Amino acid sequence: RARTRTGSNVSARGGQTRKVMLDSLGLAIQKRDVTRVMAMLNGDTAAFNLRDAVGIALESDLLDIATKIADMVGQGPIDVLKKASSIGCFSAVVELLKDDSLPVEGMSHCIVTAARKNHVNIVKAFLLDARSDPSACNNFLIRWAAQIGSLDTVRLLLKDTRVNIHANDHAPFLMAARHGHIDVMRLLLVHKGEGDSFGRNEQAFLVACQKGQLEVVRWLMDTCNLDPSCQNGRAVQMACTSQNEELVKFLLSDDRVDPSSLGNSALVSAVNLGCVEIAKMLLSDSRVTVSGVESKIFDEVAKRGSRDMATLLLGLGVDDEIAVSTFITACRVSNFEVVKVLLDLELVDPSCREQAGFKLVCENGSVDLVRLLLQDERVQPGRADNESIVTACTQLKTDVVRVLMEDGRCNPGARNNLGICAASEKGADELVELLLADPRVDPSEHNNYCLDGAVSSGSLATVRIILKDPRVAPNGKNNLPLRSAVSKGYKAIVELLLEDPRVDPTACVEPALKNAPQEILEILALLPQVQHAVAKFWRDPKLRIMFKKLHRDMVQQAVECARIACPVAKKLELELNTDLAAKIISFAFGNDLIVNHSDIKLARTNALISDVLCKVNK
């Protein structure tokens with residue numbers, strides 16, 4: 001996060017620097033100081049380029065300065081024209097177009113750029129110039145003008161014989177239909193050419209239906225005598241996709257439209273999009289039925305359906321197997337409303353398929369659904385060896401477990417306490433504490449597996465909760481919890497375990513000396529049991545060296561602390577040289593210093609050093 005903030009600050013400072021430098025550049029341009037402008041453009045720390053300078057000059061209505069700047073770096077009027085077309089400087093474009101030397105190729109690029117930026121007046125200015133090619137980029141301009149509904153621009157384009165309104169499968173006409181520009185469509189129809197039947201009327205009709213363009217649909221049917229049932233009646237399905245209720249209603253008012261065409265695809269679309277009113281309109285026609293598409297419709301209702309949609313469709317009556325399948329899917333995705341409708345209409349037994357639905361809501365953590373299903377006496381949460389609560393425990397759904405325990409029909413200690421074992425190894429302290437409130441739950445099951453799992457998870461809170469239970473033996477399996485905590489470097493857990501008198505710290509001496517972090521070694525080295533146990537490994541030179549070095553480092557830390565906290569230590573150093581004083585303290589009273597230097601009063605340490613000082617003086 002620090003790096004991110006630093007990067008953001010640098011970016012912000014960079015943006016501020018660029019703004020300041022652009023302001024300076026703009027001031028130089030306003031003063032018509034071309035020399036200063038060029039010096040700034042050529043500077044090593046320039047935060048802008050030629051296009052910035054030309055753009056500022058054009059926006060300041062200083063075309064001569066913009067041209068001069070471009071000329072000084074070897075660029076001509078056409079480059080200035082490109083920039084003016086891009087940023088929308090109409091007056092500059094008009095002035096530059098007076099130059100007869102402008103290359104035709106560059107003109108095409110400029111007009112397309114202006115169109116892409118929606119600078120309509122500039123496009124019109126180019127179209128009035130004979131050098132411009134209105135058919136550039138595969139007739140891009142006519143498609144663009146039809147899309148934005150610029151009737152004047154379309155008229156200008158249609159005056160040029162190079163423009164082909166039928167290119168790209170009549171794309172201009174389709175663009176106008178898609179965006180609802182009837183005037184443009186009418187103009188294109190007038191210029192369709194002799195003998196041209198304009199074969200894309202039906203396609204435009206479908207596009208308009210898909211985009212919900214009611215007026216375009218109405219106009220095409222009236223003007224082009226278009227049959228709304230064309231292309232196998234796809235129009236009504238496309239209209240449902242647009243979610244335009246008025247458009248669907250208009251199409252259904254025509255007797256030629258069959259709302260059940262293409263396998264009731266219109267109803268499927270309405271259900272998929274959650275359009276309840278459109279679904280009602282479709283179902284009011286006797287030809288529309290869910291027969292043949294039940295799986296599609298009810299699967300969608302189960303996954304994303306609202307209460308109103310579920311009531312509408314399920315109220316029609318469904319096959320038992322479909323109802324069960326819908327119920328199971330709704331439970332899987334936790335769709336409370338659909339499950340509630342199924343139960344209210346008495347269409348399904350909530351214990352169907354061996355309580356698969358109840359198991360799913362427990363697994364998902366859907367507390368509201370768990371409460372709802374538990375209200376039905378057919379649901380038995382303790383069935384299948386308490387699978388529901390065990391599943392909730394393994395998925396760490398604490399709230400669900402709480403509801404099931406409040407219900408009282410589940411045994412949270414079922415399956416050899418699998419639930420608390422799973423919760424412990426995942427460090428779910430709240431869930432572990434909840435389960436231990438039930439006397440049937442035994443955390444010592446499987447040879448104290450819960451404590452082992454909690455230690456492995458690194459959850460101090462979970463370990464502390466489990467250790468409160470007298471049935472747990474923290475020294476089991478040769479003090480495995482302590483050895484595990486030491487090997488994983490969990491300092492807080494090591495300290496907690498060592499507070500229990502049953503734990504034997506000597507069990508982890510050898511592995512600790514080889515693998516444990518320094519901070520844990522320091523904790524162990526303070527314990528008298530560990531210091532005596534080290535003698536067992538004294539024949540191993542490597543272990544002996546490691547332990548002596550560890551102890552020496554710790555003593556040195558204690559000595560440093562004593563020097564600061566104990567006034568008598570300074571007197572000792574005055575009587576003897578510093579190194580000798582340190583050695584005396586370290587070797588004579590090292591262990592006592594280590595044990596006592598954390599004491600605020602440090603009385604014991606003061607007494608020890610005072611005694612040394614007294615002996616030295618003697």
In the set Leu434, Leu396, the lone residue that is at pLDDT 95 or above and at positive phi is Leu396
Which residue pairs have Cβ atoms closer than 7 Å, lie 6 or more positions apart in sequence or on different chains, and pair a first residue in region 370-386 that is loosely packed, with under 14 Cβ neighbours inside 10 Å with a second residue that is part of a loop (DSSP other than H, G, I, E, B)? Asp376/Pro350; Arg378/Asp349; Arg378/Pro350; Arg378/Ser351
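Each row is one residue, and each column tells you yes or no for (1) at pLDDT 95 or above; (2) touching a strand residue (DSSP E or B) at 6+ places or on another chain (Cβ under 7 Å); (3) surrounded by fewer than 19 Cβ atoms within 10 Å (Cβ to Cβ); (4) at negative phi.
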| residue | (1), (2), (3), (4) |
| --- | --- |
| Cys275 | yes, no, no, yes |
| Ile278 | yes, no, no, yes |
| Thr289 | no, no, yes, yes |
| Ile297 | no, no, no, yes |
| Val318 | no, no, no, yes |
| Val324 | yes, no, no, yes |
Considering region 114-157 alone, what residues qualify as being closer than 20 Å to Cys89 by Cβ and part of a loop (DSSP other than H, G, I, E, B)? Lys117, Asn118, His119, Leu128, Asp129, Arg131, Ser132, Ser150
Can you give me the number of residues within region 438-468 that are among the small types (Gly, Ala, Ser), surrounded by 22 or more Cβ atoms within 10 Å (Cβ to Cβ) and part of a helix (DSSP H, G or I)? 2
Let me spell it out: the conditions are (1) under 20 Å from Lys280 (Cα atoms); (2) assigned to a helix (DSSP H, G or I), and Val318 meets all of them except one. Which number is the exception? (2)
If you go through region 158-172 one residue at a time, do you hit one that is crowded, with 16+ Cβ neighbours inside 10 Å and hydroxyl-bearing (Ser, Thr, Tyr)? no
Taking region 407-437 only, how many residues are farther than 19 Å from Arg464 by Cβ and assigned to a loop (DSSP other than H, G, I, E, B)? 6
Residues of region 392-419 being under 32 Å from the mean Cα position of the chain (by Cα), among the hydrophobic types (A, V, I, L, M, F, W, C) and crowded, with 21+ Cβ neighbours inside 10 Å, which ones? Ala392, Cys393, Val400, Val401
When every residue in region 173-193 that is at pLDDT 90 or above and exposed (fewer than 15 other Cβ atoms within 10 Å of the Cβ) is compared, the one nearest to Thr161 (Cα to Cα) is Arg186
Can you tell which of Val341, Val348, Val370 is of a type outside the set (S, T, N, Q) and closer than 23 Å to Thr398 by Cβ? Val370
For Asp160, all conditions in the list (1) outside any helix (DSSP H, G or I); (2) charged (D, E, K, R); (3) more than 25 Å from Phe126 (Cβ to Cβ) hold save one; what is the number of the exception? (3)
Which residues, taken from region 469-494, are in contact (Cβ under 8 Å) with a residue 12 or more places away in the chain and either charged (D, E, K, R) or in a loop (DSSP other than H, G, I, E, B) (or both)? Asp469, Arg471, Val472, Ala473, Pro474, Asn475, Lys477, Arg483, Lys488, Gly489, Tyr490, Lys491
Pick out the one residue from Val268, Val190, Val236, Val248 that is in contact with a Cys (Cβ under 7 Å, 6 or more places away or on another chain) and either on the phi < 0 side of the Ramachandran plot or basic (Lys, Arg) (or both). Val248
Looking at Asp133, Asp129, Asp71, which one is acidic (Asp, Glu), within 18 Å of Pro172 (Cα to Cα) and either surrounded by fewer than 23 Cβ atoms within 10 Å (Cβ to Cβ) or at pLDDT below 90 (or both)? Asp133
Only one of Leu404, Leu369, Leu431, Leu374 is under 30 Å from Pro481 (Cα atoms) and not small (Gly, Ala, Ser). Can you tell me which? Leu431
Scanning region 233-269 for residues that are under 16 Å from Gln210 (Cβ atoms) and in contact with a Pro (Cβ under 7 Å, 6 or more places away or on another chain) gives Ala235, Val236, Leu251, Val257, Ala266
Got at least one residue in region 280-288 being in contact with an Asp or Glu (Cβ under 9 Å, 6 or more places away or on another chain), closer than 16 Å to Glu245 by Cα and either free of Cβ contacts under 8 Å to residues at least 60 places away in the same chain or among the charged types (D, E, K, R) (or both)? yes
Can you tell me which condition Glu522 does not meet? The list is (1) among the acidic types (Asp, Glu); (2) under 19 Å from Cys421 (Cβ atoms); (3) at pLDDT below 95, and all the others hold. (2)
Look at Leu81 and say whether it is closer than 30 Å to Asn201 by Cβ and either among the aromatic types (Phe, Trp, Tyr) or assigned to a helix (DSSP H, G or I) (or both). no
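Conditions (1) closer than 30 Å to Lys124 by Cα; (2) modelled with pLDDT of 80 or more; (3) not aliphatic (A, V, I, L, M), marked per residue:
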| position | (1), (2), (3) |
| --- | --- |
| Arg5 | no, no, yes |
| Gln16 | no, no, yes |
| Ser24 | no, no, yes |
| Ala47 | no, no, no |
| Ala84 | yes, yes, no |
| Ser91 | yes, yes, yes |
| Leu96 | yes, yes, no |
| Met107 | yes, yes, no |
Within the group Leu396, Leu404, which residue is free of Cβ contacts under 8 Å to residues at least 60 places away in the same chain, outside any helix (DSSP H, G or I) and under 14 Å from Leu435 (Cα atoms)? Leu396
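The values are calculated or read from the model by the stated rules, or taken from the named source; none is laboratory data. Because the structure is a prediction, the values reported are computed rather than measured. Counting neighbours? That spans all protein chains shown, and the Cβs are built from the backbone with ideal geometry, glycine included.
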